[in-house]
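These notes concern the structure reproduced below.
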Amino acid sequence: MKRINEGQTRLENEYDTYNKAAITDLPELEIGSQDSLASLLDTVTKRESLDQGRKLEPSATKLKSAIADVLLLLDGFDLQKVKSEGMKAKE
């Protein structure tokens, strides 16, 4: 539960940062809706390709990462935990 709250907070922050840099704001953020988040991810990816690495690239990359993290957490998969456990297993 703690990780999903952290992920959602990060997503809200990255969403705000992206909107400040963008000419047109993104659709309203529905943080608990997988369909809405998947659609938002598509929108950001399309905008990023149109922008071709100009001013939105850093904020778009961070926002896409935050969206993907929350989508995985909503599916019950914690990538940070898996990475952490993998690193411990290598030691």
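The values are calculated or read from the model by the stated rules, or taken from the named source; none is laboratory data. Small disclaimer: the values here were computed from a predicted structure and weren't measured. We place every Cβ from the backbone using ideal geometry, glycine too, and count neighbours over all the protein chains shown. Only protein heavy atoms, including side chains, enter the accessible area calculation; ligands, DNA and RNA are left aside. Shrake-Rupley method; radii C 1.70, N 1.55, O 1.52, S 1.80 Å.
At-a-glance table
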{"read-out": "Segment 31-41, subset surrounded by 10 or more Cβ atoms within 10 Å (Cβ to Cβ) and without any contact (Cβ under 8 Å) to a residue 40 or more places away in the chain, residue nearest to P58 (Cα to Cα)", "value": "L41"}
{"read-out": "Close pairs (8 angstrom Cβ cut-off, 6 or more residues apart or separate chains): without any contact (Cβ under 8 Å) to a residue 60 or more places away in the chain in segment 8-27, open to solvent by 80 Å² or more (accessible area, probe 1.4 Å) and part of a helix (DSSP H, G or I) anywhere", "value": "E14/K62; T17/K62; Y18/K62"}
{"read-out": "Of all residues in segment 31-49 being of a type in the set (G, A, S) and in a loop (DSSP other than H, G, I, E, B), the one that is modelled with the highest pLDDT", "value": "S33"}
{"read-out": "Candidates K81, K64 - the one that is part of a helix (DSSP H, G or I), without any contact (Cβ under 8 Å) to a residue 60 or more places away in the chain and not aromatic (F, W, Y)", "value": "K64"}
{"read-out": "Among residues of segment 46-71, those that are surrounded by 13 or more Cβ atoms within 10 Å (Cβ to Cβ), more than 21 Å from E6 (Cα to Cα) and of a type outside the set (A, V, I, L, M), counted", "value": "4"}
{"read-out": "Single residue of segment 72-91 satisfying the filter (touching a helix residue (DSSP H, G or I) at 6+ places or on another chain (Cβ under 7 Å) and open to solvent by less than 40 Å² (accessible area, probe 1.4 Å)) that is modelled with the highest pLDDT", "value": "L73"}
{"read-out": "Residues being basic (K, R) and touching a helix residue (DSSP H, G or I) at 6+ places or on another chain (Cβ under 6 Å) - total across segment 4-54", "value": "1"}
{"read-out": "Subset of segment 1-30 that is open to solvent by less than 40 Å² (accessible area, probe 1.4 Å) and not in a helix (DSSP H, G or I) - its residue that is nearest to L71 (Cα to Cα)", "value": "L29"}
